[in-house]
Amino acid sequence: MARRRTATLILAALVLALAGCGAAHAAGTGPAWKAAPVAQPDTVDSEQPDPAPTSAAPTTPPPAGPKAGAKPGAPAGPKAPPKPTPSRTTPSGGPGPGPAGALTTTGTAAVALTFDDGPYGQTGQVLDLLAEHHIKATFCVIGRQVADGAELIKRIVAEGHSLCNHTWSHDLNLRNRPADQIIAEMQKTNDAIHAIVPNAPIKYFRNPGGLWSAQTVSIAASLGMKSIHWAVDPWDWKQPPPQVIINNVLGHTRAGSIVLLHDGGGDRTNTVIALRTILPSLASRFILIALPTS
Ligand SMILES: [Zn+2]
C-alpha cells in the first residue's frame, strides 16, 4: 500500500517534472479538433532538450526537470557542441553543426521559420498570419495527424510552404529503435502526406525532441531528406507568455537561423499571439524563406 502510494507520488513528480510539452502534447489538452491524436501524453515532447550550442537558450524555462527524464541522453546536453562526427563507421550523420550533424542554419542569410507537431488545431491560424505577412515557412508534420489535417496539409502546400517529416508517432526514443522501425516512422509519414498532396516534395526531416542520432540522420538522408535542427528555440511548447516568446525569438535570431516554433502539440494560443509581433519584426530585418525544396 505504502509502496503503491510512493510509486504514485514518484509518478506524479515525474509527470510534473516533465510537464510542458508532454502536457502540451497530451491529447485532450488544447483545442483539439477532432481529438487529434497528438504525441504521447506520457512523454515529454518536443524539441525540448535544446542541445544546439548555438541555439538560443530559452529565456525563461529552466532546462527540463531534475529527473531529466526529459533528456534521456539528450544529444550532448546543454554544453558540448556535438561536432559533426565524421566517424569511420556508418552511419555518420549529417554535415551540419547541430546534433549528429543536423543543420541549424539555412546556409544563406535567409532565416527559416519552422513549425512542429501539426497539423493541429491552430495550424490554420498560423497559416493565416503567414499569409497576411507574405511569409513562407516550413512545417514539420506528424504523420498520424496528417489524414485528419488533410485540408491543412493542402493549404501548407498550396500557399508555398515547405514540408518536413516529423515522424509518424513522434517517438522521442526514435534514435534507439531498430533501423526498420525508424524507416517505417519516416516512410509512413511521407506516404500519408503524398496520399493528400501526391507531388509535394518532402525534403526535410526533424527528429522528435531534437533527440538525434547519426542513424536517424543517415536514414533520413537515404530517404532524400536533410535533417534540420534549429538555432533558435523559445520553448513555445511550454506556453510561456507571448512576450517571452517574442523576446526570445527577436533577441536570438541571426542571419541564417533556423527558428523552431510549434503549431501543434497543444494549445498554441501564446505562439499565435507572439507571431503577430514576430512575423513583421523578423520580416523587416531578414529574408524569411520556406526551406528550399530543390
Ligand atoms: Zn515535435
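Rundown of residues vs (1) within 30 Å of S169 (Cβ to Cβ); (2) away from the ligand (no atom under 16 Å from the Cβ); (3) assigned to a loop (DSSP other than H, G, I, E, B), yes/no style:
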| residue | (1), (2), (3) |
| --- | --- |
| W237 | yes, no, no |
| Q243 | no, yes, no |
| G251 | no, yes, no |
| A255 | no, yes, yes |
| V259 | yes, no, no |
| G266 | yes, no, yes |
| T271 | yes, no, no |
| L282 | no, yes, no |
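When you look at L163, is it more than 16 Å from the ligand (Cβ to nearest atom) and within 14 Å of the chain's Cα centre (by Cα), yes or no? So L163 fails the test.
Can you name the residue in region 206-232 that is buried (at least 22 other Cβ atoms within 10 Å of the Cβ) and on the phi > 0 side of the Ramachandran plot and is also nearest to the ligand (Cβ to nearest atom) among such residues? Here the residue is G209. Among residues of region 237-258 that are without any contact (Cβ under 8 Å) to a residue 40 or more places away in the chain and within 10 Å of N270 (Cα to Cα), those with a beta-carbon under 7 Å from a residue that is of a type outside the set (D, E, K, R) and assigned to a loop (DSSP other than H, G, I, E, B) at least six positions away or on a different chain give the pairs I245/P234. Scanning region 251-271 for residues that are at positive phi and in contact with a helix residue (DSSP H, G or I) (Cβ under 8 Å, 6 or more places away or on another chain) returns G265, G266. The set of residues from region 141-156 being closer than 10 Å to T167 by Cα and surrounded by fewer than 24 Cβ atoms within 10 Å (Cβ to Cβ) comprises G143, R144.
Selection of region 233-253 for residues being of a type in the set (V, I, T) and crowded, with 24+ Cβ neighbours inside 10 Å yields I245, V249. Taking region 172-203 as the range and being crowded, with 20+ Cβ neighbours inside 10 Å, free of Cβ contacts under 8 Å to residues at least 60 places away in the same chain and either out of contact with any helix residue (DSSP H, G or I) (no Cβ under 7 Å at 6 or more places or on another chain) or over 15 Å from V146 (Cβ atoms) (or both) as the test, the residues that pass are L174, R175, I182, N190. The set of residues in region 166-199 that are closer than 16 Å to G224 by Cα and within 13 Å of the ligand (Cβ to nearest atom) comprises H166, T167, E185, T189.
Residue check: is G143 modelled with pLDDT of 95 or more, touching a helix residue (DSSP H, G or I) at 6+ places or on another chain (Cβ under 8 Å) and within 19 Å of L291 (Cα to Cα)? It is false that G143 is modelled with pLDDT of 95 or more, touching a helix residue (DSSP H, G or I) at 6+ places or on another chain (Cβ under 8 Å) and within 19 Å of L291 (Cα to Cα).
Please find, within region 114-160, the residue that is nearest to the ligand (Cβ to nearest atom) out of those that are part of a loop (DSSP other than H, G, I, E, B), among the hydrophobic types (A, V, I, L, M, F, W, C) and farther than 15 Å from H262 by Cα. Out of the qualifying residues, it is A147.
The values are calculated or read from the model by the stated rules, or taken from the named source; none is laboratory data. Model, not experiment: these values are computed from the prediction. Positions of Cβ are backbone-derived with ideal geometry, glycine not excepted, and every protein chain shown enters the neighbour counts.
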